[in-house]
Every structure is written in structure tokens, then in C-alpha cells.
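Student: Sharing a structure here in C-alpha cells format.
What follows draws every value from the coordinates through simple rules; no lab data is involved. In this text the structure is predicted, and so the values were computed from the model without any measurement. Note that each Cβ is placed from the backbone with ideal geometry, even for glycine, and that neighbours are counted across all protein chains shown.
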Protein chains: 2
Amino acid sequence: MVAGGSLREVSRRAVQSRIARTAESLFADKGFEETTVDEIAAAVGMSQRSFFRYFASKDEVVFEGLERLSEQLATRLAARPLEEPEWDSLRRSFDPVAERFADPEHREHDAAIQRIIDRSPRLLAAYLCRLERLQRALTEALLARAVRRSECGTDEVVVRAMVGGACACLHAATLHAAEDPEAFGRGLDRAMTALRPAA
Amino acid sequence: MVAGGSLREVSRRAVQSRIARTAESLFADKGFEETTVDEIAAAVGMSQRSFFRYFASKDEVVFEGLERLSEQLATRLAARPLEEPEWDSLRRSFDPVAERFADPEHREHDAAIQRIIDRSPRLLAAYLCRLERLQRALTEALLARAVRRSECGTDEVVVRAMVGGACACLHAATLHAAEDPEAFGRGLDRAMTALRPAA
DNA sequence: TCCTCAAGTGTCAGCGACTGTCAATCATTG
DNA sequence: CAATGATTGACAGTCGCTGACACTTGAGGA
């Protein structure tokens, strides 16, 4: 577990976020598909080849921040108390997302990114892929918890479905928040209350 | 609403499924990413350009059948009785999927396709995209139903989340069925029973 | 001080998905 | 038979992305 990273990694991160900022403004202006990697690289002042040394693909630029948030959720879930009902643990692990929506500055930025994603089928696909990966991570966390509680009879399908259901609530609230950003938290709570499993 | 389509469309469909069959066997042999469109076209006996006249992208070949199944689910849901609880309607609209898993011939074919999808990140993304589209369609169907029952107070976020939860059950059962195809139906029922909303 | 080594970069060449264009072909219809 | 419209192949081009190689630069040791 490395916290900050070496000096080299820090400067690498700095370049990455410079690229990301530049690219995002281009995407917002012209759209994702209409912006070529060459243009981004030129705007940053580097060759196309170097762009691909910082990001494995054009898609990744957009999801730079989301990746970190996603990891945060998984570690949060793992840190919840063992006795807490799983549904509540899932809800609590979503808190960082709600906090981002509460902070106006982050909200503005995230909304811009979401607009970019919604307008590009390719990006939507990539986004859903990340969501799927998040679900796998959350499922593993819950399964590991079940083991630690020495519940041998845990039904993997049910856990997977429950995580999927919770993430569906998150996704639905996010879509809803596209129209009314303030309503994210309330929407999420309504959805998760309505879908709460009986057990 | 056209049922069969004109003679031209029928022959077009025939060519499409010939391409699809050829492509699938190539994918199964060498993998999706490792098979070029040129190879597929050559194997079918046409130019690459013509391939793209039948399929908008290389991805689409794989999802030819799934698309139809998806439409089937949406129309099924719309046809369920108004009084039926939404969760039950969703479960019933999934019946065609269960039936496919029950039929050994279809199951074999679908399992092959699923293996292809699972081995390619790009295809997984495309698959999740279709699932998302299915969710949109199902959500619309349920919302339309609420209108017909003249329930004005329907919470769109909750409906969206509920559909998402049901589809999460479907997805979880599908993943589970990758290991044990016979267990699809049981897995789906366990998941949907466990996640059934209280209301 | 000079040499060396490693990291970062630019250039170039190439692959594969996909698109636009145009001319040739083929079947249909009058 | 001639005109028309749909289908096709051939070709050229764009864009995302990768591999190979040469160059620069800055840090550290001889």
C-alpha cells in the first residue's frame, strides 16, 4: 500500500491531470468523438505517441477521477461493521458519491463529464464497464465479509444480485440527478428504501 | 408494425445470419479480437466493404440474436396484466430467457456466445450497453403502465431502480449459469425472491 | 570533469476498424 | 430492349493504437 507515491509518480500524475483538463474542455466544446487524439496532444504540446504513454486509451482520460472514487467505495464497504445489514453497508459505502454531489464545485465538473459520457455511445459503454467492475469489487467485499462471519451458506447469486440492485439505485439516482443535481441524495434514498430486501 | 418484412428484407436477414454463423465459428476458434473483419468477409466470400453493409460494426455480429430476445422481453412486459405487482411482471417477462436456457440446443449456442463475450473486454462493454438499453425499454413499459392505471404519484427513480434490480438478478443468474447452465432458472428465482421489494 | 545509465520523448511505419466515393453489375419494371 | 434502382467491389482515406528506434536530458559515479 503506497500512499503518495514517489516523486516521479507525482509528476506523472501532474501531467496526466494536465492532459485530462485540456481534453475535457475540448470534449465539452466539440464532443468526444469529434475530438481526435492528435488535437488533444497538440493542445497539451506533446506528440500523439506521448499521449498514449500517459493514458492507455482515449476513453481513459474521461474516467481518470471516477476510477479513484470507485476504489474508495470498495474500501469503504470493506470497512463497515460486520453486524450491519448488507443493504445498509452498501448504502453507506455510497456516501462519498453523495458528498461529491453535495459539493457545488465537484458537482459542476462531474455534471460536465456526465454530459460528455451521455453524448457518446462508446463512452457510455466504457462507463458501464467500470460500473460492472465496481460491482465485482463490492460483491467480493460482501462475500469476504460473509466468510469472516463464518456464514457458509451464503448464496453467491443473491449477493451478486443485491449488489447489482444497490448499484442500480445508484445509477438511477445519477440519471435523475442529471436533471436536478440537488436531488441526488433524496433520489438515492428513495430508491434504496423502496428496493430494500425483506431479509 | 411489420411482421415478416418484404422479400428484400428476408434475403437480407438470410445473408446476415450466414455472416453471423461464419463469424461465430471463427470467434470461437481464434477469439474475437484476433479475428479481423477481412477474415470474416473472406470466409463468407464478400468484400470487407459489404460486411459493413450488413453490420454496422464488428460487435453487432455477436449480438444479432440477443437483440431480438431483448425486444421480446419488452413486449412481454407490456402485455402483463395491469394489476400484477411490478416485480412479478418483470419476473414473468424474463421467461423467454429461462426457456432458452431450458432448450439444450439454444443453450449450447448461447453459452458459446457468452464465452466469446466474456473473453473480450470490448464485447463486454457492448453487452452491458444492450442491457442498459433493455432497462430503458422496460422502465418505459412500467411507467406507461402506471399512467394507464392513472397513478400520478409514480416515482420515476424508484421504477428505474426496480428495473435495474430485476436486471441485476437476470445478469447474476446468467453469470452463475456460465458454470452450471441447468441452474439458471433456480438461480434467477432465488435472486428475485431475495430482492423482492417490500411494497 | 567526463562518462554512463535510465527515463522521457519525438518520429516513423504499420495494423485494424470503419467510411466515402465511384464505377460496374444485376434484377426489375415499363 | 431500355431505363431504373439496388447491391456490390475496389480504392483511398481517417482515426485509434502499437512497436521500434534514435535522441535528449538530467542524476550519479569514476
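Student: Would you work out the relative contact order for the range A:89-199, in percent, from Cα pairs under 8 angstrom that are 6 or more residues apart?
Tutor: 30
Student: Show that you can apply the helix-only estimate: for the protein assembly as shown, add -39,500 (n - 2.57) for every DSSP H stretch of four or more residues, divide by all residues, and state [θ] at 222 nm to the nearest 500.
Tutor: Result for the protein assembly as shown, helices only: -25000 deg cm²/dmol.
Student: With N set to the number of residues, divide the alpha-carbon radius of gyration of chain B by 2.2 N^0.38 Å and report two decimals.
Tutor: Ratio of Cα Rg to 2.2 N^0.38 Å: 1.14.
Student: R0 = 51 Å: FRET efficiency of B:Asp29 with A:Glu179, Cβ-based, nearest 0.05?
Tutor: Working from the Cβ atoms, E equals 0.60.
Student: At a Cα cut-off below 27 Å, give the lysines reachable from A:Lys30, other chains included and same-chain residues fewer than 8 away excluded.
Tutor: A:Lys58, B:Lys58
Student: Which whole-number percent is the relative contact order of chain A (Cα, under 8 Å, 6+ apart)?
Tutor: 19
Student: For the range A:63-195, what is the charge dipole size about the Cα centre, in debye to the nearest 20, if Lys and Arg each add +1 at the Cβ and Asp and Glu each add -1 at the Cβ?
Tutor: 300
Student: Using the Cα centre of the protein assembly as shown as origin and beta-carbon charges of +1 (Lys, Arg) and -1 (Asp, Glu), tell me which of B:Gly185, B:His171, B:Cys129 is placed farthest towards the positive end of the dipole.
Tutor: B:Cys129
Student: Just to be sure I understand: with springs between alpha-carbon atoms less than 10 Å apart, which residue in A:Ser25, A:Ser50, A:Ser70 has the highest mean-square fluctuation in the Gaussian network model of chain A?
Tutor: Residue with maximal mean-square fluctuation among A:Ser25, A:Ser50, A:Ser70: A:Ser50.
Student: Please give the average number of partner chain Cβ atoms lying within 10 Å of the Cβ of each residue in A:120-130, rounded to a whole number.
Tutor: Per residue, the number of nearby Cβ atoms from other chains is 4 on average.
Student: Please determine, in degrees from 0 to 90 and to the nearest 10, the orientation of helix A:7-30 with respect to the longest principal axis defined by the Cα atoms of chain A, where the helix direction is its Cα long axis.
Tutor: Approximately 80 degrees, to the nearest 10.
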